[in-house]
1. Which value, in debye to the nearest 20, describes the size of the charge dipole of the chain about its Cα centre when Lys and Arg Cβ atoms bear +1, Asp and Glu Cβ atoms bear -1, and nothing else is charged?
2. What's the angle, to the nearest 10 degrees (0 to 90), between helix 17-26's Cα axis and the longest principal axis of the chain?
3. Straight-line reach only, C-alpha to C-alpha below 21 angstrom: list the lysines that LYS28 could link to, leaving out same-chain residues fewer than 8 apart.
4. Take the cross-link list LYS162/LYS203; LYS127/LYS281; LYS122/LYS281 and give me the ones stretching past 25 Å between alpha-carbons.
5. To the nearest 20 debye, what is the magnitude of the charge dipole of segment 188-242 about its Cα centre, counting +1 on the Cβ of each Lys and Arg and -1 on the Cβ of each Asp and Glu?
6. What FRET efficiency do you get for LYS28 and ASN187 if R0 is 35 Å and r is their Cβ-Cβ distance, rounded to the nearest 0.05?
7. Output ³J(HN,Hα) for segment 190-199: one whole-Hz value per residue in order, computed from phi by the Karplus curve 6.51 cos²θ - 1.76 cosθ + 1.60 with θ = phi - 60°, and x for Gly and Pro.
8. Quote to one decimal, in nm, the extra length available between TYR144 and LEU80 on full extension: 0.36 nm per residue of separation minus the C-alpha distance between them.
Amino acid sequence: MNTALQTAQKPILTRDQTDLVEYLMCNKQAFDDFVYTPWQEALRQLDVREYDASLDSYINQTLPDGIPEIMRGKRSMVILRNLATPNFEFCRFMISADSLSNLNPLILEFKEDKFADVNELKRALGKLPFYKGLDSSQRPIVEYRSVIDMSHCNGKHISSLKTSWGESFSEFHRAFFLDIFPNMNDNIYDFSEWVLKKGNSSKDWYKSYFCLFLRNNVLFENFITTGRDGEHTREVVLPAILDIFSKTGMKPLIIALEPTNIEGDTFWLSYPGKTVDFVDKKMISK
């Protein structure tokens, strides 16, 4: 266990879980030290945990249906999003994949989730922001391309949506992503069936989800502690991690995808400016 994590845990392990959650939510450094694992330590833990019989028993008990086939037999670095798309967040994931060549990059999609334009991540899939640099006042220059009628799409399954020119919304984003990362087609997997078998809300499936990252797989993610996302972290994410930790003495292996000092910035949901040509050509065809 790394020193920073030990230091963060010493004063709080005796508190009940509710107090512990609130402590972590109010102390960003303690939160980061508890939730995230530095990549060097994550790689070391993959070796340490590989033949841990007690961990095997816990995973088998918690996941009676087993680990999804796509995540077996190899060590993977994983990101879960509604759709694969070449925004800056995914670009950072792919840059990390180049650096961690001993991990297989795997993108899990949740296409059977419902679209909601109040959700920042989903809204950026429908109204794509393209980053064009900074103006003279050092403010970001952003151009937008709306590819769906978002008000009409609200509440519908993402898999059922069509773009304004009649193409499948999910297939458009897949083609857009593969235009930038052409070798990733076999590394994208629709995770919807697995999620929906666990229940209708994130509270139903997050503990099982985190169990997938106890041994062979590493999750690349950021969990926000403020705003609406902060409520999800408080009510779902931390209780799931703490429950696993209390039973196994181990955390799911999570590496912060974005630097935690600028996590949640809308920049990560925008696209490199030069990629707008792909979208414009599609929109011309309508």
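Bear in mind these aren't lab numbers, they're just calculated from the coordinates by the rules spelled out. Nothing here was measured: the structure is a model prediction, and the numbers come from that model. Here Cβ is always computed from backbone atoms with ideal geometry, including for glycine, and neighbour counts include all displayed protein chains.
1. Result for the chain is approximately 300 debye, rounded to the nearest 20.
2. So the helix axis and the longest Cα principal axis differ by about 50 degrees.
3. The reachable lysines, counting only those whose Cα sits under 21 Å from LYS28, are LYS10, LYS251.
4. LYS162/LYS203
5. Dipole size: approximately 200 debye.
6. In this case the efficiency is close to 0.60.
7. 6, 8, 4, 4, 4, 5, 5, 5, 7, x
8. Taking TYR144 through LEU80 to full extension adds about 20.6 nm, to one decimal.
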